[in-house]
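The values are calculated or read from the model by the stated rules, or taken from the named source; none is laboratory data. Remember, it's a predicted structure, so these values are computed and weren't measured experimentally. Cβ: placed from backbone, ideal geometry, glycine included. Neighbour counts: every protein chain shown. The accessibility values were calculated without ligands, DNA or RNA, using every heavy atom of the protein model including side chains. Shrake-Rupley method; radii C 1.70, N 1.55, O 1.52, S 1.80 Å.
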Amino acid sequence: MPVRKLLSIAALAGAFGLVAGAGVTQTGYPSAPIRVIIPLAPGGAIDVMVRALGKAFEQRNPYGFVVESRAGANTIIAANACKAAPPDGGTICLFSRSTVSINPTLYKNLSYDPIKDFEPITNLAFAHQVLILNKNVPVKDFKELVAYSKQNPDKLNFGSFGVGGDTHLVVEWLKHETGARMMHVPYKGASDAMLAFKSGDIQLLYLIIGNPDIARQVNEGEVKGLLVPGAKRSPLIPGVPSFGEAGLSPDQSAFETWFGMFAPKGTPAEIVKKLNPELSAIVKTPDFANQYLISKGFEPVGDASEAFAKFIVEDQKKGKLLVDISGAKLEQ
């Protein structure tokens, strides 16, 4: 083929977005596997869900996902990696409420701005959570726990997966609302906190119901389920009362964490518009939702990018309130 013709073809390809860095194009997007940065260690319910999401995405598109774990530092490591990625659609990122709505207030000098540095694609799911108690603590419900904690102010410790996460802040809010007396003991992650709970070093833990074996342990009485946020009980642990039943705020959205998909700022709008309906359709598919979300304690969302952006603005206000009540403040 003549060189002039080759050059003409290349020019046309560039003009129509058919040649791009990382093998990502607008017309044939994606033309390479998409890197998905997640802020969690491999093996958990979210990691499994994202990998399954990638397989489902590949069934509908030429390529799927390559999942890259960047765990640590209250999701800051993952956020910085996403911020630094080329905004060409080759990288998208899973963030939690901590990344977007809590860290901006928690940290004095945060290295990223969740509004200025990222493009919201869709909120994938809310995560239902539960406050669990060691069965050896002699109380039957949350009301009795509050009374017991006031009578025994040095006997109760609650663990968290780190200072400033929802596993910490929601319990601080419960203390603020009820006057309960208990000491916070932060751990490096879920596995360390669960070991401490099982050994009796801590007596309470607030965590996602979908964490391994939690629903079974609660339902079979191996641990006491005290509360779930919101006005309604969880169908996975129906014997556990809701915040509303305990006389606390029934506003579930104020306390539940969520996991959404984002892209680096500057990612072409055409790519975001391609990803949003694809990801939304997958998480709303009954088979996918039941296997990877609902059965693990998650509620599928899959909203529009514009709706997700508006949600974030309001959720940041709620996250700030939780941080302010806790009094927590960290240096990055």
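Structure notes:
- Near pairs, Cβ below 6 angstrom, 6+ apart or cross-chain, from the stretch 309-330 (on the phi < 0 side of the Ramachandran plot) to any residue that is open to solvent by less than 90 Å² (accessible area, probe 1.4 Å) and of a type in the set (Phe, Trp, Tyr): Leu322/Trp173; Ile325/Trp173; Leu330/Tyr107
- Residue check, Ala73 within 21 Å of Lys265 (Cβ to Cβ), at pLDDT below 95 and of a type in the set (Gly, Ala, Ser): yes
- In the stretch 53-72, the qualifying residues are those that are over 17 Å from Ile37 (Cβ atoms) and part of a loop (DSSP other than H, G, I, E, B), and the one that is least open to solvent (accessible area, probe 1.4 Å) is Asn61.
- The condition of being touching a helix residue (DSSP H, G or I) at 6+ places or on another chain (Cβ under 6 Å) and on the phi > 0 side of the Ramachandran plot holds for only one of Thr122, Thr75, Thr99, that being Thr75.
- Taken over the stretch 96-123, the criterion of being touching a Gly at 6+ places or on another chain (Cβ under 6 Å), farther than 24 Å from Gly28 by Cβ and not in a helix (DSSP H, G or I) is satisfied by Asn123 alone.
- Filtered residues of the stretch 99-140 (kept if surrounded by fewer than 17 Cβ atoms within 10 Å (Cβ to Cβ) and charged (D, E, K, R)): Lys108, Asp113, Lys116, Lys135, Lys140
- A search for C-beta distances below 9 Å between a residue of the stretch 239-257 that is more than 23 Å from Val223 (Cα to Cα) and any residue that is among the aromatic types (Phe, Trp, Tyr) and assigned to a helix (DSSP H, G or I), counting only pairs 6+ apart in sequence or on different chains, returns Ser249/Trp173; Ser253/Phe311; Ala254/Trp173.
- Just one residue in the set Val272, Val240, Val223, Val218 is under 21 Å from the mean Cα position of the chain (by Cα) and at negative phi; that residue is Val272.
- Cβ-Cβ under 8 Å pairs, at least 6 apart or on other chains, the stretch 211-238 side closer than 18 Å to Glu299 by Cβ and touching a residue at least 40 places away in the same chain (Cβ under 8 Å), far side part of a helix (DSSP H, G or I) and open to solvent by 80 Å² or more (accessible area, probe 1.4 Å): Ile237/Asn219
- Number of positions in the stretch 187-222 that are of a type outside the set (Gly, Ala, Ser), surrounded by fewer than 21 Cβ atoms within 10 Å (Cβ to Cβ) and over 21 Å from Leu169 (Cα atoms): 8
- Residue check, Pro114 free of Cβ contacts under 8 Å to residues at least 40 places away in the same chain and over 13 Å from Tyr206 (Cβ atoms): no
- Strands (runs of 3 or more DSSP E) contained entirely in the stretch 150-246, each with at least 3 residues that are closer than 30 Å to Ile76 by Cα: 157-160, 183-186, 204-208
- Residue that is modelled with the lowest pLDDT [pool: residues in the stretch 293-306 that are assigned to a helix (DSSP H, G or I) and open to solvent by less than 50 Å² (accessible area, probe 1.4 Å)]: Leu293
- Evaluating Ser234 against the criteria (1) over 18 Å from the mean Cα position of the chain (by Cα); (2) open to solvent by 60 Å² or more (accessible area, probe 1.4 Å) leaves one unmet condition, (2).
- Residue match in the stretch 254-264 (condition: small (Gly, Ala, Ser), assigned to a strand (DSSP E or B), closer than 23 Å to Asn61 by Cβ and in contact with a Gly (Cβ under 9 Å, 6 or more places away or on another chain)): yes
- Criterion violated by Phe158 - all others in (1) open to solvent by less than 10 Å² (accessible area, probe 1.4 Å); (2) farther than 28 Å from Ala215 by Cα; (3) aromatic (Phe, Trp, Tyr) satisfied: (2)
- Residues that are exposed (fewer than 14 other Cβ atoms within 10 Å of the Cβ) and of a type in the set (Lys, Arg), drawn from the stretch 274-292: Lys284
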